[in-house]
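Structure first, then comments.
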């Protein structure tokens, strides 16, 4: 059985550290007691949605990291790219599609060119 409290605690610790925030700072941002963050990071917290939702958003955690732990096998670059894309407006995303397609085609063509030699 999956230990979701450990997955959540590790994700919160990792994201908070990456953002350079203290437990107190993140608690203040989402309007909870510091003890709540401490409990979550020590695998003792079972937060309600009213705490979990703002916590995940404030720390910019990809929810799949918590709810689909198998996504942790993805590379950090792919996770970061997903978060950037998900933060785009519909217009920005539409404008980026042809750019991404062109970039991928160029990268793949270069890779194939070097692989042939």
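Residues of the stretch 71-87 include at least one that is within 19 Å of residue 3 (Cβ to Cβ) and surrounded by 12 or more Cβ atoms within 10 Å (Cβ to Cβ).
Among the residues of the stretch 11-53, those identified as crowded, with 17+ Cβ neighbours inside 10 Å and within 17 Å of residue 68 (Cβ to Cβ) are 11, 12, 15, 52. Of all residues in the stretch 95-102, one or more are part of a helix (DSSP H, G or I), surrounded by 14 or more Cβ atoms within 10 Å (Cβ to Cβ) and over 11 Å from the mean Cα position of the chain (by Cα).
No lab work stands behind these numbers, since they all come straight from the coordinates. Owing to the predicted nature of the structure, the values given are computational and were not obtained by experimental measurement. Backbone-built Cβ (ideal geometry, glycine too); neighbour counts: all protein chains shown.
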